[in-house]
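Asker: Please find one structure pasted underneath; my questions will follow.
The values are calculated or read from the model by the stated rules, or taken from the named source; none is laboratory data. This structure is a prediction, so every number in the text was calculated from the model and none was measured. Backbone-built Cβ (ideal geometry, glycine too); neighbour counts: all protein chains shown.
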Amino acid sequence: MTPDRPNGDGPDRTGQSATSSVPDAKAALRRELLDRRRSRPDAERQAAREAVGGHVTALADTLTVARNAAITVAAFLPLPTEPLDPVALPALAARGVRVLVPAVTGASPLDWVQYRSAATTVGEHGIEEPAGPRLGPDAIGTVHLVLVPALAVDRTGHRLGRGGGHYDRTLALLDTVGTISPPPPLLAVVFDDEVLDALPADPLDHPVTHVVTPRGGVRAVGSAS
Ligand SMILES: Nc1nc2c(c(=O)[nH]1)N(C=O)[C@@H](CNc1ccc(C(=O)N[C@@H](CCC(=O)O)C(=O)O)cc1)CN2
Ligand SMILES: Nc1ncnc2c1ncn2[C@@H]1O[C@H](COP(=O)(O)OP(=O)(O)OP(=O)(O)O)[C@@H](O)[C@H]1O
C-alpha cells in the first residue's frame, strides 16, 4: 500500500479513512490491490502460485495425518491474478482429498461442487465454475479446511474480498451448520505484501483464522495467533 497520504480522502496507514465510509474505503483499497496484482510480473506471479500450492498441499497432508482419515477441502478455481496454482486442486484430489469449489447463486451463501476434473462451465456473472452436481450451501459444514480467496488480510483476521459478500455469508453459515470438530482453519490466500496492519471492517465481515502467503507459508492471525 502507499504508506502515507497527506490529509486526503484515501486510505491512511491503518486502511481507515477520516472522511470516507467503510464501503468507500474498501472499494478504494480493492482498486489499489487489484491494480497491483495485475502489474505483477508473470515470473513473480507464477512463483507465488507454486509456493502457495505447495503450502496448501502440505497443510492438507498434515490435517489428513492428524485425523487419520480422508479430509474435505473447500478450495476455489483460481483467477489469473490470484496466488494459487490451479495444479493444487488435482494435486489435492490425487492425495485422496475431497475437493469442493464454489458456485455463485446470487446473494446467497456459495453453493459447492466437487472438483473432479478441469472441466468447467461459465456460471453467474461469467465466472468459471466446475461442471457437476450442486451439493448445496450446507456442504461447507463438512469441510476440514477452507481456502478463502482474498485481496488482503490484516493481523486481526479481517479480510478484504472482491466485494460480493459471498465468503462472508458462507463463513457465517459455517458457524451454524459446521459439523467438524475442531472447526476448520479459515485460510486467506494472499501475496506476502497483502498482509496489512489493519483493514476497514464492518460487523458483517467474517474473520479468517489463518493466512497463507508464498514466502510466509501458513500463519495464524487474530485470536488464533
Ligand atoms: N477464484 C475465485 N473464485 C471465486 C471468488 C473469488 O474471489 N476467487 N469469489 C469470491 O467471492 C466468488 C466469485 N466472485 C468473483 C468476483 C469477481 C470476479 C472478477 O472480477 N473476475 C475478473 C478477473 C479478475 C482477476 O483475475 O483478478 C474477470 O473475470 O475478468 C471473479 C469472481 C466465488 N468464486
Ligand atoms: N452475512 C451477511 N449477510 C448479509 N449480507 C452480508 C453478509 N456479509 C456481507 N454482506 C454484505 O455483502 C456486501 C459486500 O460485503 P464486503 O464488501 O465485506 O464483501 P467482501 O468480503 O469483500 O466479499 P467476499 O466475501 O465475496 O469476498 C455488503 O453489502 C455486506 O453488507
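For (1) more than 26 Å from residue 35 (Cβ to Cβ); (2) under 11 Å from the mean Cα position of the chain (by Cα); (3) within 12 Å of ligand 1 (Cβ to nearest atom), each residue gets a yes or a no:
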| position | (1), (2), (3) |
| --- | --- |
| 154 | no, no, no |
| 158 | no, no, no |
| 164 | no, no, yes |
| 167 | no, yes, yes |
| 174 | yes, no, no |
| 178 | yes, no, no |
| 184 | yes, no, no |
| 212 | no, yes, no |
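Residues are listed down the side, and each one gets a yes or a no for (1) under 17 Å from residue 26 (Cβ atoms); (2) in a loop (DSSP other than H, G, I, E, B); (3) of a type in the set (S, T, N, Q):
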{"site": "148", "(1), (2), (3)": "yes, no, no"}
{"site": "153", "(1), (2), (3)": "yes, no, no"}
{"site": "163", "(1), (2), (3)": "yes, yes, no"}
{"site": "167", "(1), (2), (3)": "yes, no, no"}
{"site": "170", "(1), (2), (3)": "no, no, yes"}
{"site": "173", "(1), (2), (3)": "no, no, no"}
{"site": "184", "(1), (2), (3)": "no, yes, no"}
{"site": "198", "(1), (2), (3)": "yes, yes, no"}
{"site": "201", "(1), (2), (3)": "yes, yes, no"}
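Asker: May I pose another question? Anything in segment 203-225 that is of a type outside the set (Lys, Arg) and not in a loop (DSSP other than H, G, I, E, B)? List them, or say none.
Answerer: 210, 211, 212, 213, 217, 218, 220, 222, 223, 224 - these are the residues of segment 203-225 that are of a type outside the set (Lys, Arg) and not in a loop (DSSP other than H, G, I, E, B).
Asker: Shifting gears a bit: Between a first residue in segment 180-204 that is within 22 Å of residue 60 (Cβ to Cβ) and a second residue that is among the polar types (S, T, N, Q) and in a loop (DSSP other than H, G, I, E, B), which pairs have beta carbons less than 7 Å apart while being 6 or more apart in sequence or on different chains?
Answerer: Final answer for the pair search is 185/209; 186/209.
Asker: I would also like to ask the following. Tell me, yes or no, whether segment 19-34 has at least one residue that is basic (Lys, Arg), within 15 Å of ligand 2 (Cβ to nearest atom) and within 15 Å of the chain's Cα centre (by Cα).
Answerer: yes
Asker: On the basis of being under 19 Å from residue 106 (Cα atoms) and acidic (Asp, Glu), does residue 168 make the cut?
Answerer: Yes: the conditions hold for residue 168.
Asker: Might you let me know whether segment 136-152 holds any residue that is among the polar types (S, T, N, Q), more than 9 Å from ligand 1 (Cβ to nearest atom) and touching a helix residue (DSSP H, G or I) at 6+ places or on another chain (Cβ under 8 Å)?
Answerer: no
Asker: Let me ask something else about it. If I go through segment 158-197 residue by residue, how many of them are closer than 16 Å to residue 218 by Cα, more than 12 Å from ligand 2 (Cβ to nearest atom) and of a type in the set (D, E, K, R)?
Answerer: Number satisfying all stated conditions: 3.
Asker: Could you say whether any residue in segment 105-122 is more than 30 Å from residue 198 (Cα to Cα), more than 16 Å from ligand 1 (Cβ to nearest atom) and at pLDDT 95 or above?
Answerer: There is no residue in segment 105-122 that is more than 30 Å from residue 198 (Cα to Cα), more than 16 Å from ligand 1 (Cβ to nearest atom) and at pLDDT 95 or above.
Asker: Could you please let me know if residue 72 is touching a Ser or Thr at 6+ places or on another chain (Cβ under 8 Å) and either among the hydrophobic types (A, V, I, L, M, F, W, C) or within 20 Å of residue 140 (Cα to Cα) (or both)?
Answerer: When the stated conditions are applied, residue 72 passes them.
Asker: Looking only at segment 133-146, decide whether some residue is closer than 14 Å to residue 194 by Cβ, away from ligand 2 (no atom under 16 Å from the Cβ) and not in a helix (DSSP H, G or I). Give the derivation first.
Answerer: First pass over segment 133-146, keeping only residues closer than 14 Å to residue 194 by Cβ: none.
No, segment 133-146 contains no residue that is closer than 14 Å to residue 194 by Cβ, away from ligand 2 (no atom under 16 Å from the Cβ) and not in a helix (DSSP H, G or I).
Asker: Go over the candidates 155, 159, 169 one by one and state the one that is crowded, with 23+ Cβ neighbours inside 10 Å and among the basic types (Lys, Arg).
Answerer: Exactly one residue qualifies, and that residue is 159.
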